[in-house]
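So the structure is just underneath, and the comments pick up after that.
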Amino acid sequence: MTGETWRDHRVDIEERLDALIAEMSPEEKIAQLGSYWADQRSSDEIIAPMQDVFSEGRPSFDRAVRDGIGQLTRVFGTSPVTAAEGMERIRTAQRQLVSGTRLGIPAIVHEECLTGFTTLGATVYPTALAWGATFDPDLVAEMARAIGRDMAAVGVHQGLSPVLDVVADYRWGRVEETMGEDPYVVATLASAYVEGLQESGVIATLKHFAGHASSRGGRNHAPVSMGERELRDLVLPPFEMAVRSARARSVMNSYTETDRVPAAADRWLLTDLLRGEWGFEGTVVSDYWAVAFLKSKHGVAGTMAEAGRLAIHAGLDVELPDSSAFLELHADDPDPQRTSADIDTALRRVLRHKIELGLLDEGWAPAEPADHDLDSPENRSIARRLAEKSIVLLENSGAALPLAARTPRIAVIGPCVDDPSAMMGAYSYPVHVLPRHPQFGLGIEAESLPEALRAQFPGAEVVVERGCPLQTPGDDLELMRAEQAAKTADVAVVVVGDHAGMFGKGTSGEGSDAPSLDLPGDQVRLVERILASGTPVVLVVLSGRPYALGRFVGRAAAIVQAFMPGVEGAGALARVLSGAVNPSGHLPVQVPHGAAALPHTYLAPPLGQDGDRISNLSIAPAFPFGHGLSYTSFEVSGLALDRAEMPTDATVTAVVTVANTGARHGETVVQLYSADPVAQVTRPVRQLVGYARVALDAGETTRVSFRLHADRFSFTGLSRRRIVEPGEIRLSAGLSVGELAQTATVVLTGATREVAHPVLRTEVA
């Protein structure tokens, strides 16, 4: 087959690929595995690690794409452009590729989309950690569909989201980008995001594969100290579900190295596991400059050519954000035949995406520029509902919440209370890009918490004081003003926590790792002074990670946790404080009691749990995983199983009763945990195996059933293979891992079974 038959959409895709690849020169093949970033910023404007180093000497677009190009990097997300301006830039670039190169192959356009489409004027949704707090896959999928529609409308084909990293250390700066510390919650929410984005015609990219959140000491880019069993059982399950079940079409490698092997050069990870075991057929794209890092940071390659060959042999298909190492693949190549075969393999995957996207069809042309509304009322509605469902009421011991409708004077105190951008994550456009373009402000309409409280309490006097800076030591005069404001108020809403920023320019975000889990700067001192004022204190933690709050438990009248709830976050918080919205979020991470003990997630095996009195450092949390209160009350009872025994390849159904025992409508999250008390390797003391978000009127009762295949109790055994082992499994139900009112036991019978294609989801009804 020759000529232009590869442009005929009626021809079988494999035949089209064969025809096109046969026509391509070696240079044209390599060009399709690279990318181009038209980035002209200075070294103090970086938004990616070591961007200033690798951006030096970038060729012009004309020169870079003379043989074509695989991807265009962040046309919308680099510097401020309107929808129409960004579309015009894409159209100009794509026209040059179509008419100015021999084969005329358009590029895939990719953008960031972690908290929404990362561009000027687009809706900023809550951070992924806030999604985790909703325990609501359907709402996450609805958000992803909206993000995908906006991106597809302006000519974007691939989104670099979601993040599937499972939190292992709360000090890590990118905790805000994750969906929490439980692999099943991350897996189900991430899969919902993938399905929503791809339903809108945009390729989802799973990241960071794998172990990025497990770096030593919670430090960005640090090595990972983890064996294969822990990797398989705690880190990889979200990726597996998103690949096998949600059919994600792209994966991005992690910057980290595990057992001394960098992910970008790990053939076991990128090929044997991802493709061989899981059947992944899409593309693996590099995190920005990860291929070059094989030489400059990891030291496993002596030249850029060697770095490129290591990556492509491992199974990495596309180099982002620029072409560098892959351009030198054939330089001093000791095995050119092998390299050529690797190139053809990667090329086939890349071109398959382009065919599936319609880019290679006869007559394809980029969309005409138009002023698309990227912050529509529909988007705002989704952002508002996500924000409201993500807010967690941790404590209400003083019954201060909801605030009385006629509260005369409210003091709002905290270092970022009057800054709406404090509601937004590090990968939101207002935080990620616009600080370098102050003339645009936030680029989007957003209110601060004091403004939202004034709207919610129109008769109240709302007084605002900073109290202290976010990170640096404060002065006594500023602290005294805040204390005086509290003393003369009926309630003090003290807002502490983070402001997102990249590489140390904030207290949360990529490269903004925490030295401890105490609140940053003088914020602990601020809270103590306001507590001492005698005025009831509602402590609002607005953060990208959980902070140690044990010293405030029982002393604040109420404690509320919000994980950067986005552009609608201020209004959502005000409505929760007023009672207009009944809080229903539950913790996707634990809240530590003290900052001195090493960070700890609930999934530790027995030796890692508190209670054995083997150390003077307690790691018991202030608030456990899954915790979340309401302005009504709920009760879980009557856990029953449909069988007492089951073979290791069968299913069991657990049914519980959930009742709203309070006086108003509310929502909660009923949770089902399993425990495997005796196994051939150590297992978590408890692990979430199912959850359901339940809405009930006052006095209403419902039954929730969880149907679990025995695969849901599988783990990686001594043989390093996934197995289901006979023995006792204890199932417990409740409203958090620390509040499990009901327990029942099922015994698995028969021989130990190896599991090749596991049932990954628990069916809920």
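Below is a table of values for the structure above.
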{"quantity": "In sequence order, calculated HN-Hα J values of the range 503-511 (Karplus, 6.51, -1.76, 1.60; Hz; x Gly/Pro)", "calculated": "6, x, 7, x, 9, 8, x, 4, x"}
{"quantity": "Neighbour-count ranking [beta-carbon atoms within 10 angstrom, fewest first] of Leu129, Leu718", "calculated": "Leu718, Leu129"}
{"quantity": "Most positive-pole-ward Cα, Gly155, Gly550, Tyr255, against dipole of the chain from beta carbon charges", "calculated": "Gly550"}
{"quantity": "Test item: Cα-centred dipole of the chain, Lys/Arg +1 and Asp/Glu -1 on Cβ, debye", "calculated": "1240 debye"}
{"quantity": "Helix 13-23 axis, angle to the chain major axis (alpha carbon atoms, nearest 10°)", "calculated": "50 degrees"}
{"quantity": "Only Lys, Arg (+1) and Asp, Glu (-1) charged, at Cβ; the range 250-309 dipole about Cα centre in debye", "calculated": "240 debye"}
{"quantity": "Of Lys207/Lys297; Lys295/Lys354; Lys389/Lys487; Lys297/Lys354, those spanning more than 24 Å from alpha-carbon to alpha-carbon", "calculated": "Lys295/Lys354; Lys389/Lys487; Lys297/Lys354"}
{"quantity": "More than 24 angstrom apart: percent of Cα pairs within the range 284-424", "calculated": "63 percent"}
{"quantity": "Rg over Rh [alpha-carbon atoms, Kirkwood Rh] for the range 111-356", "calculated": "0.96"}
{"quantity": "GluC sites (Glu not before Pro) within the range 385-493: DSSP coil, no more than 14 neighbouring Cβ in 10 Å", "calculated": "Glu445"}
{"quantity": "C-alpha long axis of helix 304-314 to longest principal axis of the chain, angle in °", "calculated": "70 degrees"}
{"quantity": "5 angstrom amide H check on Val560, placed H, neighbours 5+ away", "calculated": "Leu394, Leu539, Val540, Val541"}
{"quantity": "Relative contact order [Cα under 8 Å, 6+ residues apart], the range 261-354, whole percent", "calculated": "31 percent"}
{"quantity": "Unit charges on C-beta of K, R, D, E only; dipole of the range 634-764, Debye", "calculated": "380 debye"}
{"quantity": "Radius 12 Å from Cβ of Ala596, net charge of other residues (Lys, Arg +1; Asp, Glu -1)", "calculated": "0"}
{"quantity": "Note, ³J(HN,Hα) from phi for the range 167-177, Karplus 6.51, -1.76, 1.60, rounded to Hz, x at Gly and Pro", "calculated": "4, 10, 8, 5, 6, 4, x, 9, 3, 4, 7"}
{"quantity": "Surface/4 estimate of mean projected area, convex hull on alpha-carbon atoms of the chain, nm²", "calculated": "32.6 nm²"}
{"quantity": "Estimated [θ] at 222 nm from DSSP helical runs (n ≥ 4, -39500 (n - 2.57)) normalised by residues in the chain, nearest 500", "calculated": "-7500 deg cm²/dmol"}
{"quantity": "Three-way shape call for the range 556-650 based on the alpha-carbon gyration tensor, with the a/c threshold at 1.5", "calculated": "oblate"}
{"quantity": "Residues whose placed amide H lies under 5 Å from that of His208, excluding near-sequence neighbours", "calculated": "Leu164, Asp165"}
{"quantity": "DSSP beta bridge pairing in the range 634-764, given as percent antiparallel to the nearest 5", "calculated": "95 percent"}
{"quantity": "Tilt relative to the chain, helix 336-356 - C-alpha long axis, 0 to 90 degrees, to 10", "calculated": "60 degrees"}
{"quantity": "Cα-based Rg of the range 634-764 normalised by 2.2 N^0.38 Å, two decimals", "calculated": "1.11"}
{"quantity": "The chain: relative contact order as a whole-number percent, Cα under 8 Å and 6+ apart", "calculated": "13 percent"}
{"quantity": "Globularity index of the range 391-623, i.e. its alpha-carbon radius of gyration over 2.2 N^0.38 Å", "calculated": "1.01"}
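Bear in mind that the values in this text are calculations on the coordinates, not laboratory data. Please read these numbers as outputs of a predicted model, since none were measured by experiment. Note: ideal-geometry Cβ built from the backbone for every residue, glycine included; neighbour counts use all protein chains shown.
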